[in-house]
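Okay, so here's the structure we're looking at.
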Amino acid sequence: LQVFDDEGKDVTPHPLFHSDPNTVVRKQGKLLASSAYFGATGSGFPSSFSMHQTSGVNASLDEIVEPGSRRDTTASLSDVQVRQEEIQERTKEDLDRRVDIYLTETETIWMLDMPSVVVSVESEDAGRVLERNRIYVDICKNRPGNDRFVEKMMQTINGAAKNKEVQCDKIIMEDKGMLVTSWDLYNSFTVFDIEPISKAEGSRATAGKSSKSHTTKECDQTLSVSSNRGSTTSSIMISESAVLARTHEEEECHSEAILTSENFQQNLFFMERILMENIFQPKLAAYRQFPVLIDPDVTSDTSSTVAAMKEAKQEEHDKEKKDEEEQKDAFIDPSIVSDLNKTPEEIAPPRLERLWSYICDLTSGHNVSSMAWSKVNPDLLAVGYGAFDFKEQKKGLACCWSLKNPMWPERIFRCEHGVTALDFSMGSPNLLAVGMYNGSVAVYNVRSCNDTALLDSSESSNKHTGPIWQLRWVEQDRSATGDGKKERLICISGDGRITEWLIQKRLDCTDLMKIKRTESEKKKLSGEKERKREALIFRQAAGMCFDFHPKNTNFYLAGTEEGHIHKCSCSCSERFLETYRGHKGPVYKVAWNPFSTDMFLSCSADWSIILWHQASQTPILTFSSATAFVHDITWSPKSAFIFAAVNESRVEIWDLSVSTLNPVISCLANPRVKFTSVLFAKNTDCLLVGDNKGEVSVLELQNLAAPNSSKVRFIR
């Protein structure tokens, strides 16, 4: 029997058991065999299975099926079929006869084959398996601490799905209709051109318009009475909306006129001044060394708090006084005894107290390059903002700050290049000179709100080609000009020139000095041959700073990039009067002592500050407290022994009458902040420090007393 599908393919099921093709198979059941097969008597064995055999299969016991024949499949079915026999009556003897039955094992059919992980010890592969197990055990023992084995677990978390729903109010829509005629549109557009008129004229104009509209309506015979009423209503509504729009525009124009009026601006200015004074009153009082005013309407709780603070402070003072009396008996130094007679406030260590900072959103992030006080107004400070490095260049600013408003500058002058130096004029206090990184010089008028420069050196044919590192208004010597005072604008540049600018219709300059490179003086050792001098690639040395003598403005000092300080004269532009060699890096600042005019200070990138005497080319004192560039120094206007210096990490106050080894005050900068400039305040004990973040901090000097005149003479 064969089964074929629709395409003609043989899909006949195959048997589970395949007979051996080399043997002949007798077509008989395995459960019941003939006597010849079993080799025993029993040819007449009554099979009890004959009742269950399948009818319709007439196979003979002696029929032999050849292997591989067409009837092989039919013969294989004999394994599960029983030979049909005729049912005969059995006698008692047949039933009592002994029958031998032999059972044989058929071929095993594997339904699931799982290989074993266990091997017998007696098998051939036992030795190889034992060797592999031993190697694996050794590897597991060596895994801890071995870099070649890394245990890592990883789990991937599938994010749970989220359903997000948003609920909002239902949008209500309405349909509105309006009937508009041509005359309604005409009246709506012409209402903007009509000037405001009186009520009487308005009534007459309305009557005239109504008659005109009636005349137009009579000409239009297609409109009904209801449409005429609707058009009249729509015309009135459009006219009202147009009038409201015009009224709103008039109100806006009126408000804008009020905001831009001079009186309103002046009132806002006064109000701003009052608010700033109320906010900064305690700090401004401390800056001017005035007593801090207390509000008379202060509450009782505040009064009790202040009284408690005073009591605690008094107790602390009494305790300190008691300790001082105990120490007084242990020491016999007269200087210490004199100090013990002072109050605790007088013997407290000097320190810097921060009052406020000049900074706003406009100046934040800019580098503070220079600062200068107004020569007339001691409350007006000019600050220049510009980077020193070529890679960090951007547009600069020159701002004028006032003590009356520490939160926003009074004047803002925007420059195309970074501002590196600035200074106020003495003869014309409203003029502010600004030097920039590209070598240009500009003069601004601080009285004007216009930020355009009055004079600019862009058209000068002799302008600088390097950055303007310092700029100063210098007053000529009175003996040269008689009674009148003449002022000169002097600047020094990185191109090696010191120039004097002539302020006329335009800025033009003349050279005071061209700084030439000088060879370092080395002592020749005995027996050493004279070496050949190396040729200089560039003859001029870059100028970094200068300072004119406080009494004789014909002489000045000039610091250079090669570390030398030259003493020059305005009368001689060909050679230097003296050369002071002591620094190993660029000299960033030189400053004459305002009291002892023979002494001057210099700071450099070699981390040092040097005190010089103009009559000696050997340094008197060298100060070095930190391994950082010293960017700026300045003398105190009240003492010949006190000066301030700033390096990248701290601001220092030195008092030479106290110590020449360590500063009396040292204040560290905040992280990622570098100090760049320093300036003493006028008429007050305060110090201004600028940094690279655009902030100018005002610090109060506390407990730092200037030495008296007798002590000054003794130290001199």
Worksheet item: Tally Lys/Arg at +1 and Asp/Glu at -1 over every other residue whose Cβ is under 15 Å from the Cβ of VAL590; what's the total?
Response: -3
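Peptides 378-388, 583-593, 448-458: what's the order by average Cβ count within 10 Å, highest mean first?
Result, highest mean first: 378-388, 583-593, 448-458.
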Worksheet entry | Given charges at beta-carbon only (K, R positive; D, E negative), |dipole| of region 648-702 in Debye | 200 debye
Worksheet entry | Among 612-624, 414-426, the order from most to least packed when residues are scored by Cβ within 10 Å on average | 414-426, 612-624
Worksheet item: Which value, in Å² and to the nearest 10, is the accessible area of GLU252 when all protein chains are kept and the probe is 1.4 Å?
Response: 100 Å²
Item to complete: For region 398-481, just say rounded, prolate or oblate: build the C-alpha gyration tensor, square-root its eigenvalues into a ≥ b ≥ c, call rounded for a/c under 1.5, and beyond that prolate if a/b exceeds b/c, oblate if not.
Response: oblate
Worksheet entry | Percent of alpha-carbon pairs separated by more than 20 Å within region 346-430 | 41 percent
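In region 535-611, how does Rg compare with the Kirkwood Rh, expressed as the Rg/Rh ratio over alpha carbon atoms?
Working: Rg = 12.5 Å, Rh = 12.8 Å.
With Rg and the Kirkwood Rh in hand, the quotient comes to 0.97.
Would you please put 180-188, 567-575, 392-400, 432-440 in order of how densely packed they are, using the mean number of other Cβ atoms within 10 angstrom per residue and starting with the highest? Can you show the working numbers first?
On the way: 180-188: 16.0, 567-575: 13.8, 392-400: 18.8, 432-440: 24.7.
The densest-packed peptide leads the list: 432-440, 392-400, 180-188, 567-575.
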Item to complete: Could you work out the local net charge near GLU353, counting Lys and Arg as +1, Asp and Glu as -1, over the other residues with Cβ closer than 12 Å to its Cβ?
Response: +1
Worksheet item: Taking the Cβ of LYS394 as the center, what net charge do the other residues with Cβ under 12 Å away carry, scoring Lys and Arg +1 and Asp and Glu -1?
Response: 0
Practice prompt. Pop out the Kirkwood hydrodynamic radius of region 384-430 from its pairwise C-alpha distances, inverse of mean 1/r, in Å to one decimal.
Written response: 12.0 Å
Practice prompt. Could you work out the Kirkwood radius for region 646-698, taking every pair of different alpha carbons, averaging 1/r and inverting it, reported in Å?
Written response: 11.9 Å
Discussion item. Taking θ = phi - 60°, what integer Hz values does the Karplus form 6.51 cos²θ - 1.76 cosθ + 1.60 yield along region 438-450, in sequence order, with x for Gly and Pro?
Written reply: 7, x, 8, 10, 9, 10, 10, 9, 6, 6, 8, 7, 6
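The values are calculated or read from the model by the stated rules, or taken from the named source; none is laboratory data. Everything quoted here is computed from the prediction, not taken from an experiment. Cβ atoms come from the backbone with ideal geometry, glycine included; neighbour counts cover every protein chain shown. These accessible areas exclude ligands, DNA and RNA; they are computed on the full protein's heavy atoms, side chains included. Shrake-Rupley method; radii C 1.70, N 1.55, O 1.52, S 1.80 Å.
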